[in-house]
Amino acid sequence: MTLNDTVKVIAFDADDTLWENQPYYDAAEGRFCNILSEYGVPGYIKEELFRTEMQNMAELGYGAAAFTLSMIETALRIGGETVSPAEISEIYSVGRSLLRIPAEPMSGVAGTLKKIRDSGRYRLTVVTKGNILDQERKLECSGLGKFFDHLEIVSDKTEKTYTDLLAFHSIKAPELLMVGNSFKSDIAPVLQIGSYGAYIPFHTTWQHEIVEEYDHPRLLRLTRFEDLCSVLL
Ligand SMILES: [Mg+2]
């Protein structure tokens with residue numbers, strides 16, 4: 001499939017598409033389990049944390065702050081009266097460390113974005129969930145900001161998020177290509193509204209983002225970020 005006569009706007013997911021993110025959250029979760037090891041095995045603590053995150057999703061949304069509050073809430077629930085201020089303080093530091101993720105572009109990302117940008121054929125935008133300050137900082141640290149016309153930080157990625165994006169850019173559904181690593185957030189909703197999705201899976205995926213995948217005429221499955229060049233240029 002080539003998309004160069006159809007697509008006008010390319011929207012990119014950020015975390016685990018442009019730079020690594022989930023491995024830092026996985027490592028933080030590992031440290032969290034170590035801190036609470038006297039209260040249960042890692043499998044149990046991870047399950048409890050995930051349950052708290054899902055319960056908090058509607059009010060706290062995505063990102064480091066939500067994750068930190070969910071860790072603390074989980075520790076207080078499973079540790080009860082025994083959990084110490086020192087343990088809570090350590091958990092808080094683990095959460096804070098997620099605000100310093102280096103956001104170094106993954107292999108092939110900067111070169112590919114430059115080629116797509118230099119072609120002059122497309123408008124490029126970032127569409128990401130998470131905390132505004134954190135996502136802005138990561139984009140700044142990545143050095144990739146210069147390739148994009150626009151950064152959109154959203155509370156969730158639903159069909160409405162993408163129909164709003166079409167309206168914002170004054171384009172029709174088939175003129176949008178969304179690129180990302182989450183089938184649930186980056187791909188399924190854009191296929192539903194009539195746009196194109198380029199799915200580039202990352203080696204680790206947050207449990208919440210795992211859904212059943214399917215084939216679709218407007219779905220491109222790519223193994224490397226660089227493969228975008230062959231469909232767009
Ligand atoms: Mg992602």
Exercise. When residues of the stretch 88-107 are filtered for being assigned to a loop (DSSP other than H, G, I, E, B), buried (at least 16 other Cβ atoms within 10 Å of the Cβ) and more than 15 Å from the chain's Cα centre (by Cα), how many remain?
Worked result: 0
Exercise. Identify, please: which residue in the stretch 121-161 is in contact (Cβ under 8 Å) with a residue 60 or more places away in the chain and small (G, A, S) and is, among those, farthest from T68 (Cα to Cα)?
Worked result: S142
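Within the stretch 179-190, identify whether any single residue is over 15 Å from E213 (Cβ atoms) and without any contact (Cβ under 8 Å) to a residue 24 or more places away in the chain, and answer yes or no.
Just the residues of the stretch 179-190 that are over 15 Å from E213 (Cβ atoms), to begin with: 179.
Restricting the remaining residues to those that are without any contact (Cβ under 8 Å) to a residue 24 or more places away in the chain gives none.
Among the residues of the stretch 179-190, not one is over 15 Å from E213 (Cβ atoms) and without any contact (Cβ under 8 Å) to a residue 24 or more places away in the chain, which makes the answer no.
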Problem set entry | Hits in the stretch 29-87 - residues which are charged (D, E, K, R) and either buried (at least 21 other Cβ atoms within 10 Å of the Cβ) or in the same structural domain as D156 (by TED's automatic domain parsing) (or both) | E53
Exercise. Of (1) at pLDDT 95 or above; (2) in a loop (DSSP other than H, G, I, E, B), H203 satisfies all except one. Which?
Worked result: (1)
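D227: surrounded by fewer than 19 Cβ atoms within 10 Å (Cβ to Cβ), part of a helix (DSSP H, G or I), more than 13 Å from the ligand (Cβ to nearest atom) and not assigned by TED's automatic domain parsing to the domain that holds K46, yes or no?
Values: surrounded by fewer than 19 Cβ atoms within 10 Å (Cβ to Cβ): yes; part of a helix (DSSP H, G or I): yes; more than 13 Å from the ligand (Cβ to nearest atom): yes; not assigned by TED's automatic domain parsing to the domain that holds K46: yes.
For D227, the condition - surrounded by fewer than 19 Cβ atoms within 10 Å (Cβ to Cβ), part of a helix (DSSP H, G or I), more than 13 Å from the ligand (Cβ to nearest atom) and not assigned by TED's automatic domain parsing to the domain that holds K46 - is met.
Let's see how each residue does on (1) part of a helix (DSSP H, G or I); (2) among the polar types (S, T, N, Q); (3) out of contact with any Cys (no Cβ under 7 Å at 6 or more places or on another chain):
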site	(1), (2), (3)
V126	no, no, yes
Q135	yes, yes, yes
L139	yes, no, yes
E152	no, no, yes
D156	no, no, yes
K160	yes, no, yes
T163	yes, yes, yes
F168	yes, no, yes
Problem set entry | Count of residues meeting criterion [part of a helix (DSSP H, G or I) and more than 16 Å from the ligand (Cβ to nearest atom)] in the stretch 1-39 | 12
For this session: Select from the stretch 155-210 the residues that are more than 16 Å from the ligand (Cβ to nearest atom), of a type in the set (G, A, S) and buried (at least 17 other Cβ atoms within 10 Å of the Cβ) and list them in ascending order.
Result: S195
Problem set entry | Members of the stretch 108-120 that are touching a residue at least 12 places away in the same chain (Cβ under 8 Å) and surrounded by fewer than 17 Cβ atoms within 10 Å (Cβ to Cβ) | G108, G111, K114, K115, S119
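Are any of the residues in the stretch 74-93 of a type outside the set (F, W, Y) and within 16 Å of the ligand (Cβ to nearest atom)? So that I can check it myself, show each step before the final result.
Looking only at the stretch 74-93, we keep the residues that are of a type outside the set (F, W, Y), and these are 74-91, 93.
From what is left, the residues that are within 16 Å of the ligand (Cβ to nearest atom) are none.
Looking through the stretch 74-93, none of the residues is of a type outside the set (F, W, Y) and within 16 Å of the ligand (Cβ to nearest atom).
The values are calculated or read from the model by the stated rules, or taken from the named source; none is laboratory data. Treat the numbers as computed from the prediction; the structure is a model and nothing was measured. FYI the Cβ positions are ideal-geometry reconstructions off the backbone, even for glycines, and counts take in every protein chain you see.
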